[in-house]
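To keep things clear, I will list the structure first and then write my remarks on it.
The values are calculated or read from the model by the stated rules, or taken from the named source; none is laboratory data. Treat the numbers as computed from the prediction; the structure is a model and nothing was measured. Methodologically, a virtual Cβ is constructed for each residue, glycine included, from the backbone with ideal geometry; neighbour enumeration extends over all protein chains shown.
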Amino acid sequence: MAPVSPPDDPLSDEGLERLFSSLSQASGILVAVSGGPDSMALMHGLARWASLKRRPPIHVATVDHGLRPEAAEEAAFVAREAALLSLPHRTLAWTGQKPATGIQEAARETRYGLLVEHARERGASHLVTAHTLDDQAETVMMRLSRGSGLSGLAGMRLETDRHGIRHVRPLLGVPKSRLLDQCRQQGWRFVTDPSNADERYARVRWRKLMPLLAAEGLTAERLARLAERAAQADEALDLKAREALDRAEPLSEAGTLSFHARALTDEPFDIALRVLELALAEAGMDLDNSRLYRLEACTERLRQAAGGGEALSLTIVGAHLRLTRAGRVSVGPEPPRHRGR
């Protein structure tokens, strides 16, 4: 008789029900599987979960970025393993010219673009990836090193929207070691990606530092808990910023959003910062974490000018910010620049 899993075992039948509970109402599920132990454990776990009750259809996809000669065989390996579980599989290839710099960021954007497109083709409402507790901890440290704000320190979210497809990371609270042990215990085959040891990549360098941080008490679990608390605070501040902007008589007209400057002057700085970020987003301009310092500077200048009854004109991320002496802020596209001969 097989040993009985403890109640808190995330990969027991009871644990799988908890991990995948949000997937029960999906129209279909696309699971991204690279062939590594994390994603193979996810695929086997989903197959087991699907066998317990009537579930939404599950599809498997592997992205071949075309960056390593072994990638095609790894995708074929996943296809064979998926077939043994009666799960349909598709290899999604990144074709065309690859950028000379920023290859990991470009690969990530392309990967999700391919997965979202395939999810739509298969009628799947949910995309599932195998990000783990360790991945979350590494993400928090990487963002901390880049000077990210509270939103960045919240790390990866358990669920996010990707152009209408729900991206779910059910293993975000599960240690990578637990998944590796499960693969070995169950005899689930997996592949090892050599790029996971390539120190040219920042995540690999951070991964090698994690044991040293853990020895000082900064464990993956504590970093993940920090991300959870940051996410809770981030959500609360976003709610307050939304309320402040709604009170500031927002008016949208001809691609421009305007609002009363009291949403910047009468609120704590972090709320004012988020009001401006929200206004930019509603005007169609998203700000990544690398521009946070610029947004903070713009917020401070607008607050000072509004407090002194001054007019001000600023640009940021392709947006034109204009403050009138009457205390009204408008956010719209930056006008085209005309260069002289």
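Points worth noting:
- THR95 touching a residue at least 24 places away in the same chain (Cβ under 8 Å), closer than 23 Å to GLY28 by Cβ and among the polar types (S, T, N, Q): no
- Between ARG189, ARG169, ARG205, ARG143, the distinction of being within 25 Å of GLY28 (Cα to Cα) and out of contact with any Pro (no Cβ under 9 Å at 6 or more places or on another chain) belongs to ARG169 only.
- Pairs, first in contact (Cβ under 8 Å) with a residue 24 or more places away in the chain in the range 304-317, second polar (S, T, N, Q), C-beta under 9 Å, six or more apart: ALA306/THR265; GLY307/THR265
- Count - residues of the range 204-243 that are touching a residue at least 12 places away in the same chain (Cβ under 8 Å), surrounded by fewer than 17 Cβ atoms within 10 Å (Cβ to Cβ) and closer than 14 Å to LEU144 by Cβ: 2
- All positions within the range 137-164 that are within 13 Å of the chain's Cα centre (by Cα) and not in a helix (DSSP H, G or I): ALA154, GLY155, MET156, ARG157, LEU158, GLU159, THR160, ASP161, ARG162, HIS163
- Considering only residues in the range 165-181 that are assigned to a loop (DSSP other than H, G, I, E, B) and touching a His at 6+ places or on another chain (Cβ under 8 Å), the one that is surrounded by the fewest Cβ atoms within 10 Å (Cβ to Cβ) turns out to be ARG169.
- Residue within the range 235-244 that is farther than 30 Å from ARG157 by Cα and not assigned by TED's automatic domain parsing to the domain that holds ARG146 present: no
- Some residue of the range 145-155 being under 27 Å from ARG178 (Cβ atoms), surrounded by 22 or more Cβ atoms within 10 Å (Cβ to Cβ) and in contact (Cβ under 8 Å) with a residue 12 or more places away in the chain: yes
- Of all the numbered requirements in (1) within 27 Å of the chain's Cα centre (by Cα); (2) touching a residue at least 60 places away in the same chain (Cβ under 8 Å), SER258 misses one, and that requirement is (1).
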